[in-house]
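Novice: Structure below; questions to follow.
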Amino acid sequence: MGPGQPEPAPWAAPLAAELEALAPERRRRLRSLAPCGSAGLRPVDGAGGPPLLDLASNDYLGLAHHPSLQQAASAAMARDGLGAGASRLVSGSRPVHGELEQALGAWLGRPRVLLFPSGFQANLAAVQALADRHSLVLADRLIHHSLLTGVKASGARLRRFPHNNLEALAQQLERAQREVPGRRLLVLSESLFSMEGTSPDVPALAELCRRHGAALLLDEAHALGVLGPGGRGLGLGQAGVSLISGTFGKAFGGGGAFLAADELLGEWLLQHSGPFRYTTALAPPLAAAALAALRGIQAEPQRGAALLQRAQRWRDQLEAAGWPRPPGQGPILPLLVGEDARALELQRRLEAAGLLSVAIRPPTVPEGSARLRLVLRHDLPAGSLERLLAALGSP
Ligand SMILES: Cc1ncc(COP(=O)(O)O)c(C=O)c1O
């Protein structure tokens, strides 16, 4: 503290101490990147730099710059305005919201769909619909932060099960039923784990939950548009999946999110959900873009399948080059390296070769499991894999 500077306020001291304690390799910084060309991002901070091939974003189908989405968004902006101006239950509902909800419901075979401004918010709403302070939530150890925040907000008790381990989950369900018969149980999982690239056996998971009378919330944020028949996710047709959460921020190339439910849950959310009620409705241009994205995915369902085939080839080639085979089947290919510094070094090495992939470190992933998160997308130019392998060198 310099002379003449005021003492920090008592509330500020713990924040300052926490920031002080942050190791340099854990400190995050915002970085501005300007889209350029096909799958390109140009750094614009400081000295800038040449364009980088985007192996980091979740725009799996390359839809963020698709003309049909942009035209739909522009038309909605001209017609409905930039923002909805109010929450859905006040005066913010527009025809495009209803149209999108209906189209998603038909696509996923779920009668009720409700839109949210973000997936984080949808997940808060979803957990609060299915659990209260008397409930027990059993969550995969690696679920997304938004779901954990939802559990905290619900007041439910939380237990974690090892990642995708259905035997352990079965034991926990049995134990939970023995402990407090009749207690409300909720299981949380994802159909494509964003930092792992892995998926659970969804039919077996759904059946397990159904057998134990537990609700199952399946976050399909990274799967929709890519995994399952026609990109309709892994929860498709699974009666044991009580609620599906999806976002338009990834394969749909836009922003916003939704929950897909049965009649009862849909009506409960409409009548009781705070995260649905007390927020401005999804901006109409984003709703229109999501509808255009859905129409595009329906018209070209092979895009997702082609991406999966490509992902398989990338896994094979990475393994052949001596890297640990990235787990899973989908377009997320984490190269597990362990130490933060190693993951950061790989990120720098790739960047020097014109490729952008981000080192993911704790607390986003467990301690000692830092990784380079490689993300495949539909619009990568030919030769991208060869560039990547050359840049990575040998492990
Ligand atoms: C698994 C998962 N669920 C939910 C979200 C939140 O979605 P959104 O970006 O729409 O808030 C994300 C994105 O970060 C995610 O990876």
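Novice: Kindly work out what percent of the DSSP beta bridges joining two residues of the chain are antiparallel, to the nearest 5.
Specialist: Antiparallel bridges make up about 55 percent of those DSSP assigns within the chain.
Novice: Another question, if that's okay. What are the radius of gyration and Dmax of the chain, computed over its Cα atoms and given in Å?
Specialist: Cα-based Rg and Dmax for the chain come out at 22.0, 68 Å.
Novice: Only Lys, Arg, Asp and Glu count, each charged at its Cβ (+1, +1, -1, -1), so figure out the dipole size of the chain about its Cα centre, rounded to 20 debye.
Specialist: Values: 40 positive and 34 negative charges, 32 e Å.
About 160 debye.
Novice: Work out, in µm²/s and without decimals, the Stokes-Einstein translational diffusion coefficient of the stretch 341-395 at 37 °C, 0.692 mPa s, Rh from Kirkwood over C-alpha pairs.
Specialist: In µm²/s, the coefficient is 275.
Novice: Considering the dipole of the chain built from charges on the beta carbon (Lys and Arg +1, Asp and Glu -1) around the Cα centre, which of 23, 126, 368 is farthest to its positive end?
Specialist: The listed residue farthest towards the positive side: 126.
Novice: Could I ask something else about it? Full-extension gain between residue 132 and residue 82, please, as 0.36 nm times their residue separation minus the C-alpha to C-alpha distance.
Specialist: Details: separation 50, 0.36 × 50 = 18.00 nm, distance 3.60 nm.
Length gained, residue 132 through residue 82: 14.4 nm.
Novice: Pick out which of 252, 161, 116 has the largest mean-square fluctuation in a Gaussian network model of the chain, springs linking Cα atoms closer than 10 Å.
Specialist: Sorting by GNM fluctuation, first place goes to 161.
Novice: Quote the Stokes-Einstein diffusion coefficient, in whole µm² s⁻¹, for the stretch 105-146, based on the Kirkwood radius over alpha carbon pairs, a temperature of 25 °C and a viscosity of 0.890 mPa s.
Specialist: Stokes-Einstein gives a translational diffusion coefficient of 201 µm²/s.
Novice: Quick one: what do you get for the stretch 164-302 if you divide its Cα Rg by 2.2 N^0.38 Å?
Specialist: Dividing the Cα radius of gyration by 2.2 N^0.38 Å gives 1.14.
Novice: I've got another one for you. So how much slack lies between residue 305 and residue 102, counting 0.36 nm per residue of separation and subtracting their Cα-Cα distance, in nm?
Specialist: Stretched fully, the residue 305-residue 102 segment lengthens by 70.6 nm.
Novice: Among 314, 268, 323, determine the one that fluctuates most according to a GNM of the chain built with springs between C-alpha atoms less than 10 Å apart.
Specialist: 268
Novice: Something else: Given labels modelled 7 Å from the Cα in the Cβ direction, how far is it in nm from residue 152 to residue 89?
Specialist: 2.5 nm
Novice: Okay, next question. Whole Å is fine, so just give me how far the alpha carbon centre of the stretch 340-387 lies from that of the stretch 195-272.
Specialist: Answer, in whole Å: 28.
Novice: Further, regarding this structure: Please report the orientation-averaged projected area of the stretch 67-299, defined via the convex hull of its C-alpha atoms, in nm².
Specialist: Average projection, Cα convex hull of the stretch 67-299: 11.6 nm².
Novice: Once fully extended, how much extra length lies between residue 349 and residue 15, figured as 0.36 nm per residue of separation less the alpha-carbon to alpha-carbon distance?
Specialist: Working: separation 334, 0.36 × 334 = 120.24 nm, distance 3.35 nm.
Length difference between fully extended and current span is 116.9 nm.
Novice: Can you tell me what share of the DSSP beta bridges in the stretch 67-299 is antiparallel? A percent to the nearest 5 is fine.
Specialist: Expressed as a percentage, antiparallel bridges in the stretch 67-299 total about 35.
Every read-out reported here was derived from the displayed coordinates using simple, explicitly stated rules and does not represent laboratory data. Every value quoted in this text rests on a predicted model; they were computed, and no experiment measured them. Ideal geometry is used to build each Cβ from the backbone, glycine not excepted, and the neighbour counts take in all protein chains shown.
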